[in-house]
Structure formats: C-alpha cells, structure tokens
Amino acid sequence: MKVRTDNAAPARRPLALAVAAALLAAGTAHAEPMFQAPLYRGTDMSRYSDNFVEIGGGFNTQDSYKFGQWTGMTERGGYVLGNFNYSSRGAGDSPDYFWANGYNLGFDARDAALGYTSQGRFSVYGSYQGMPFYASDSTKFIFDGLGGTNLVARTSVIGATANPNAGTNPARINAALVPFDLDTQRDIWQVGGKLLFGGNFETYANYRQDNVDGNRLTYGAMFATGGNPRSNALALPVSETTHQFDAGLRWSTDKAQAQLTYWYSKYSPDASSLIWQNPFSIIAGWPAGSGYPNSYGQMSLDPGNTFNQITAQGAWNFMPGWRVNSSLQYSWGTQDAGYLAYYAPIGFAPGGGAIRNPATSSLDGKVDRWLFNIAVNGRPMPRLTLRAKYVYDDNNNKTAENFYRVVPGGLQQAAAPGVQNTPYGSYTVNRASVEADYQLLARTLLRGNYTYVNTKWVDEDRARTYDNIVGVELRQTASELFTGYLKYQYWNRSGSDFTWIAGAPPTPPYFLNNFVQNRVRAQADLGLSETVNLTLAADWSRRSYSEPSSGVDCGAQTGAWPDGNRCMGLQTSSWQTYTADLQWRPTEALSTFVFATYGDLSNDQFGRQINQGINNQNALWTASLAQKSNTYGLGTNYNVATKIDVGATYIYNEGRTNTGLTWGPALAALVPAPLAVPPSTYTLHSFQLYGKWAVTKTLTLRANWWYQKLNAFDYAYDGVNPWASDRTIFAGQNSGGYTNNFYGISIAYTGF
C-alpha cells in the first residue's frame, strides 16, 4: 500500500471522457487518442484487426489519484505504452486459428487474452483484466497498523493524561496523523471453451476468479448508547476472492433451440473482522475503564457466501412468422459464516476471546428464487407484429429467525437477548406485458405497449403493490434525411394499506409508495446535407409520490406548514437530459464534430423533527436537491497526407449541486435560519492532441498530448479537519483538484 502526503481531488470519473470516447468510436475521426485506458475500439481499427506490436513511453507530470482513478496513471513519472494483436490461421482453407492480444500493458487497467479455435469443432481461451480504483490520496488516520486488521491508536494522540476527544485537542491529533492512500485492485482471470459435436449439440464451460486487494474508508462507533457515542475514521482492509463457474449444453435446429446451464459463485474474504483501539478518553455514562487504552472496537467484514443457479431455456418457430420462447430458473444463495464476538470487552486484545450468540453460531442465511417467463411473438398480418410476455418471480428469504442479544455499541452488552431478526427480501411478482407494432408507412412504425405488475411483499410495510405502465412510440428508420423516434410512457403505482409503527411518523419506503411517472424521450438524426449530420436527443421524466390510497392519517395535521397531512419521505423526483451533436465532413480528408449536453436531476423531501411531537405541524421541514451539469466538446481530424493523420479533441464539463432547506415555526424557534449548505461544484477541462504517421508500410509512429485540469469543491469533504468535531475523528480527505499533462510516443510494427 502506497503512502503519500500530497493531496488530490476525490472527484468522480469525468463523464466527459466517456462522451468523447463514444463520439470517437462513432466514426467522427480517423485517428485515435492513445491515452484512453482502457483503449477504446475506435476508428483506428488497425489496433484490433491487424497483427501488430506497439511499444513506447509516456510521462505524467503530476501525482493525482483522481486523474488516474480508473487507469493507474496516478503518479508522476514514466509509463510503458504497450499493445499487441496477433492472429494466425492454418494454410489454405484451414478452420483452425490462434489469436492473442494485449492492451494498456503499462497501466494497472491492462488486459490480455489468447485463444485457439477450430471452427465447427471446439475453441478454448484464457484472459486477464486489471480493474483499479484509486479512491483517495489525501486521507489521514491516527492509527498504526494501517492496511491490516488490527489498528492501534498512536500514543502521540493520547499521551499519559491528555484528553484525546477530537475537538478539544486538535494539536495532538494533527501531530499523530498518518497519510495513507485508499485504493483497490481487482484482478480478473478467466479460462473457458466450448465443444461442438454431432446432433446439433454443443457444450461450454467457463471459470472466472476475481482477486480484490486494497483498502476502503469506513467509520467505527464506540458506545451507541450509554453516554454520548464517539466514532473515528478507519482504513478498512479489503482482501477477497470470488470464484465463478458456469457450464451449459445447447441444442439447435432451424426451427428450435434449447439450452441447459448451471452457474456457481463463491465469495471468500481473507479476514473476518477489523479491530481498533478506542482512541477516546472515558466520558460520563461510559463504564469504568472503557476509555483509552483499555478498550477495543470490533467490526465484522463482509461474510463469505455461495450462490447456485440452474436455467433451462427453449425457443420454437412453431409456424411461419411465429415464435415462442421460455425459460425456467431456480437459484439459491447461502451465507453461514460464523459470528464474531458481540463486542470487544474491556481489556480485549487483538486475537482474544469472544462472547457469541447463545442461540446459533451463524446467521444460517438462505435465499432461493424461482423465475419463469414465456413470450410469444408473431406477425398475424403483413404490417402488424404482436408480442406478449408473462414473468413469474418468487424470491424467498429462508434465513433462520432467532433472538439476538442487543448490543448498542462496540463495547457494551445489554442484559439479555430480546430482538428477533426479520428476513427481509421475500416477494412474489406476476408481470404481464403486450406490445404491438404497426407499419403506418414505409419505414414508419407505430408501437404501443402495456405492462401490469402485481407484487406481493413479505415482511414489508405494505402487502401488495400494483404497477400499470403504458407506452407509445413513433419511429422512422432507414431514411437518408431523417431517422428518429418519439416515445411516451405513463407509469402508475398503487397498493394495499400500509402498516405503520405506532408512535412513529409515517414514512413509506419509496419503492413501496404510490407514484405517477411521466417520461418522454426523443431523438432525431438529420442528414442536413451530404457533409453535415445533426443529432438531437432529449429525455425528460418526472415522478410524483402520493399518499397511500387507503386514506391513512399521516399525522392528523390540517392547515400545517407547509402541508402537514403529507406522509414523510420523498415527494417528487425528476430528471432531464438534452444533447445536440453536429458532425461536418467537408472533404474526405477533414472531419469535425461539436456537441453539447445538459443534465438536470432534482428531488424534494418532506420530514418532521421527532422530538417536537408527531402531531406538531410546525415541526415540519423540507429539503430539495438539484444537480445540474453541462458538457461541451469539439474535435477535428485531418488527413494531412496519405500517411499522416492528426486530430484534436476538447471537452469541458461542469457540474453543480444545490441543497435547499426550509422549516416550520417550531424548528425556527430552535434554529432561527435553516442551515446554509454551500453548493458542490465541479469543472473539468480535457484536451488531447494526437496523430499517427505511417513511416513505412509496416512501421507507424503515434504521438499524444493529454491535458486535464480539474477544480472541485464538496462541503462534505473540503475544510473538514480530522479534529473538526469533539465526537468524531475524520479522515481529512478533500476534493481539491489537479492539473495533469501526459505525453507519449510509440511505434507500431505490422509486418507479420
């Protein structure tokens, strides 16, 4: 695990890069940027279709986890650029051929594969893929043993008599902080093959192993009740392996196909728990001796589990123009990892004893599922196509129900068992849908569809929900001047009565609550001329949640601020995106593009301050969240001569999240003005200049300059010092920014 002291922005992966890659892949440029790792299959198909080997070097000008968050280009310095592709077929019309390839071999996001195929007989393959995630290089912790499962508070935080409670002792906490980077690396290994034999049969088998190592950020709490709780940031170790195996038998003829498959998965973590020393001094309400250095907290890591799935599928063209297909699937998952100690007793040392549940040694978890579907489609008349489908889905959580000891904190044990677990996740779904297509005119299609979903819930706040979904679409295809569609969907959810917990404000879970959703989508591809093409796209949706149809009293307020008889929780959500993409190719040698995308996501919540009384209409509050983003891009590619291609792309992406709070008179009496939450902002500039030169028929030279500048601010991170609270020691991560330049040059040989 790498440890550094510099800071960089924990920003999300820029959407703009994905947009740029998609545009390049669409055929707007001849050449291809070198530093899109993983290397996208773009227009320069010589990287994938020809035999070649490419080698070179690149230089990154700045350390930044966020610049190389998904690729591994995180540190200042040199990188190897390496790609290759090779395939070889036997002499003449031989059906046998061998292939191998590797891309981005100098980065952590590398992949390589090889295989051998004898057409009509068998094939085998093997592959590797690296998937890094660099979360943060600005986090700091107050523990020794980082990266392991036993964390010991540094004595410089505590000292012999000093009070370590965070907000009261910033100097000692600052002196003890250890910079520690958080990242994970997933390595995926796969092998498999298939065998074809007589009677139209073939069989296949694949094996995949995922190894994940690294660390993630989490927080550990001490004493959730009994005195005021304290918590601190922890580096959670990740070391796990997932094994997956699938195999199947297929049979096919001109009119019928059938398949029987089996899939198995096993998740195995290397460690079961994380133990950390309580860094806080004892406070009023804590048992004697429970402060530093005598007490430890313990946190369970993800438990091991297994999953099995058997599927039978079939399809039959039972008459001309008509086809039926169906599948039956049964799956079951289990989780029976042994329980950890209820708590880490005072004086508990890493590796010491444990107090376990007296009723059972593990959860004894099991979930099984039956999934059946059948679909029929056909053409009863030349211009009309009909489709109908039915799905039955039964998910049954058979986890054992036991009484467990109440343990409110990392150290404390309640007097006796008394809480029974509820095995959530059981439901039965019946889903039926019909769809019809009618050809109005040549290349003009009218489509209508209807879906009904009846869901029976178990151990939830509502017994049933009913979904009615209606859609209509008008589509124009295969036209030189205009290709596009216009879609509208109406979705209504209702259901049975809710079951409320006595004395609590009604808060329907959003996935159970009534709502009405309207959604409109449209796209138009316009051939304005032989050289100009314009694409316009829009997606708009709004979902409004409503009170239960049973007329449940949501608090009995009338005339309250602002509307006291509403149930708590999510009220509305909406999203919309609009895109314009213009492509211009004035000559065979020159192509350009420019695009703009706008996105807007928002939602509104409604709540009540509990300690002001459930029927106090003046204790209501509302919250709104609005996320807006704009992305602009332009690029060009020019074939300077038959041997030289050059190109450039520029992407600008900005995002802003605004949070609004309002509250009623009862809360205003406690806090005169709502909390002012500053907006979170994000701006990215990304520029690439790239080119390739065919020096000879077999040698190609590629060069690339990639510039990125990011500025970001998030109130949840920036300015939050590790000692900002007297009850929590934070990790001190920030969302700052970076300015990176990556230069590279490589040479490719294709003469074999």
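No value in this document is a laboratory result; all are computed from the given coordinates. Remember, it's a predicted structure, so these values are computed and weren't measured experimentally. Here Cβ is always computed from backbone atoms with ideal geometry, including for glycine, and neighbour counts include all displayed protein chains.
Could you rank the peptides 679-691, 132-144, 57-69 by their average count of other C-beta atoms within 10 Å per residue, with the highest value first?
Values: 679-691: 18.6, 132-144: 23.2, 57-69: 20.8.
Ranking the peptides 679-691, 132-144, 57-69 by packing returns 132-144, 57-69, 679-691.
Compute the normalised compactness of the range 169-316: alpha-carbon radius of gyration over 2.2 N^0.38 Å, N being the residue count. All intermediate terms of the calculation are to be shown ahead of the outcome.
Details: Rg = 25.5 Å, N = 148, 2.2 N^0.38 = 14.7 Å.
In units of the globular-protein estimate, the range 169-316 measures up at 1.74.
Using mean Cβ contacts within 10 Å as the protection proxy, how do 696-709, 248-261, 174-187 order, highest first? Intermediate values should be presented prior to the final figure.
Numbers: 696-709: 17.2, 248-261: 14.2, 174-187: 18.9.
Going from most to least packed, we get 174-187, 696-709, 248-261.
Please list the non-local residues whose amide H lies under 5 Å from the amide H of Tyr292, H modeled 1.01 Å from N, same-chain partners needing a gap of 5 or more.
Sorted by chain and number, the residues that satisfy this are Phe280, Ser281, Ile282.
Once amide H atoms are built 1.01 Å from N in the peptide plane, which residues 5 or more positions from Leu301, or in another chain, come under 5 Å H to H?
Those lying under 5 Å, H to H, from Leu301 are Ser273, Leu274.
For the range 468-517, what does the equivalent ellipsoid look like in terms of its semi-axes, each the square root of 5 times an eigenvalue of the Cα gyration tensor, given largest first in whole Å? Before the final figure, lay out each step's value.
Numbers: eigenvalues 366, 19, 6 Å².
Equivalent-ellipsoid dimensions as semi-axes: 43, 10, 5 Å.
Largest first and in whole Å, give the semi-axes of the range 417-486's equivalent ellipsoid, each being the square root of 5 times a Cα gyration tensor eigenvalue.
Values: eigenvalues 403, 33, 12 Å².
Rounded to whole Å, the semi-axes are 45, 13, 8.
Provide, for q = 0.10 Å⁻¹, the log10 of I(q)/I(0) from a solvent-free Debye sum over equal Cα point scatterers in the range 576-698.
-0.57
Between Ala112 and Asp50, what FRET efficiency comes out of the Förster formula 1/(1 + (r/R0)^6) with R0 = 22 Å and r the beta carbon distance, rounded to 0.05? Let's see the in-between values first.
On the way: r = 17 Å, r/R0 = 0.79.
Approximately 0.80, to the nearest 0.05.
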